[in-house]
């Protein structure tokens, strides 16, 4: 019997029209979950279950290894992914750090015309995450980005995560009400077109999703951002003190784009909390990739 997501994948193949698709997993110390996710993608979306022919829907699976100290890279390779060390992609563009830096480099490391990002710490992944994110992009050329939303049993099943509800949503509602309908703006499962992504700056830290939403809405219109229900999402829960720094990075991203606000260079990027050492949060931006001399749309010609 063919599973529903396999039937969905077959229908999407007919809609590719020559476009290539990369699925990318940004990862740091995710050896327990990254392998099963890659295996699921390769088994269900890179081979036609009826004929066994390769390259059914997804053309490439890339794991961006961000200086893992466990066996993330080995687990991903054994599962069949292409593994790229973040530090080895576009080294001539200078060092960077943070989730957004990884995503920015992943655009250069991936070969696809469409890039699908999946968090590597998911324990609820199924191939429908990928097919769900792809359908709007393959069926409507006006769509620039697709954001996933989900039922979150770890967060009482509704809304986004703690950083979303306590920081991102109030900021978006205040400064960018045209984006207030986005259910989970900070969710890690989303997809976009290379020609869109390579022309945008990327915040290096956890402000990256906020920045991309704002910038895509500005350049392509809020209607170019679609949303899809991906079902249930469970993942590793981070301690609250980790989320404080993430929230500050989201704050900086939103305020730097907010209409009518002039950025003050004296504003701090150091998180200070009683009883804890100060933390330098990641607020820098990477420029659009097309402005970087080392970037080429064909990653086989990039450094690293």
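The values are calculated or read from the model by the stated rules, or taken from the named source; none is laboratory data. Everything numeric in this text was worked out from a predicted model, so none of it was measured. Glycine gets a Cβ as well: all are built from the backbone with ideal geometry, and neighbour counts include every protein chain shown.
Structure above, values below:
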{"quantity": "Counted residues, the stretch 64-82 - those being closer than 17 Å to residue 116 by Cβ and surrounded by 22 or more Cβ atoms within 10 Å (Cβ to Cβ)", "calculated": "3"}
{"quantity": "Residue in the stretch 148-169 that is on the phi > 0 side of the Ramachandran plot, at pLDDT below 95 and in contact with a helix residue (DSSP H, G or I) (Cβ under 6 Å, 6 or more places away or on another chain) present", "calculated": "yes"}
{"quantity": "Criterion violated by residue 202 - all others in (1) surrounded by fewer than 24 Cβ atoms within 10 Å (Cβ to Cβ); (2) in contact with a helix residue (DSSP H, G or I) (Cβ under 7 Å, 6 or more places away or on another chain); (3) closer than 19 Å to residue 285 by Cβ satisfied", "calculated": "(1)"}
{"quantity": "Residue 211 vs. criteria farther than 17 Å from residue 142 by Cβ, touching a residue at least 60 places away in the same chain (Cβ under 8 Å) and either out of contact with any helix residue (DSSP H, G or I) (no Cβ under 6 Å at 6 or more places or on another chain) or not in a helix (DSSP H, G or I) (or both)", "calculated": "no"}
{"quantity": "Hits in the stretch 62-84 - residues which are free of Cβ contacts under 8 Å to residues at least 24 places away in the same chain and assigned to a helix (DSSP H, G or I)", "calculated": "73, 77"}
{"quantity": "Given (1) surrounded by 16 or more Cβ atoms within 10 Å (Cβ to Cβ); (2) out of contact with any strand residue (DSSP E or B) (no Cβ under 8 Å at 6 or more places or on another chain); (3) under 26 Å from residue 113 (Cα atoms), index of the condition residue 221 fails", "calculated": "(1)"}
{"quantity": "Selected residue [in a helix (DSSP H, G or I), in contact with a helix residue (DSSP H, G or I) (Cβ under 7 Å, 6 or more places away or on another chain) and either surrounded by 12 or more Cβ atoms within 10 Å (Cβ to Cβ) or at pLDDT below 95 (or both)] from 253, 226, 245", "calculated": "253"}
{"quantity": "Tally of residues being crowded, with 19+ Cβ neighbours inside 10 Å and not in a helix (DSSP H, G or I) across the stretch 89-99", "calculated": "4"}
{"quantity": "Residues located in the stretch 158-195, provided they are surrounded by fewer than 23 Cβ atoms within 10 Å (Cβ to Cβ) and touching a strand residue (DSSP E or B) at 6+ places or on another chain (Cβ under 7 Å)", "calculated": "183, 187, 188, 193, 194"}
{"quantity": "Of all residues making up the stretch 103-132, the number that are closer than 15 Å to residue 196 by Cα and touching a helix residue (DSSP H, G or I) at 6+ places or on another chain (Cβ under 8 Å)", "calculated": "13"}
{"quantity": "Residue ID - surrounded by the most Cβ atoms within 10 Å (Cβ to Cβ), chosen from residues in the stretch 109-124 that are at pLDDT 95 or above and not in a strand (DSSP E or B)", "calculated": "120"}
{"quantity": "Conditions (1) more than 20 Å from the chain's Cα centre (by Cα); (2) at pLDDT 95 or above; (3) surrounded by 16 or more Cβ atoms within 10 Å (Cβ to Cβ): number failed by residue 302", "calculated": "(2)"}
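For every residue, the table says whether it meets (1) outside any helix (DSSP H, G or I); (2) more than 20 Å from residue 9 (Cβ to Cβ).
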site: 87; (1), (2): no, yes
site: 101; (1), (2): no, yes
site: 107; (1), (2): no, yes
site: 135; (1), (2): no, no
site: 143; (1), (2): yes, no
site: 147; (1), (2): yes, yes
site: 163; (1), (2): no, yes
site: 171; (1), (2): no, yes
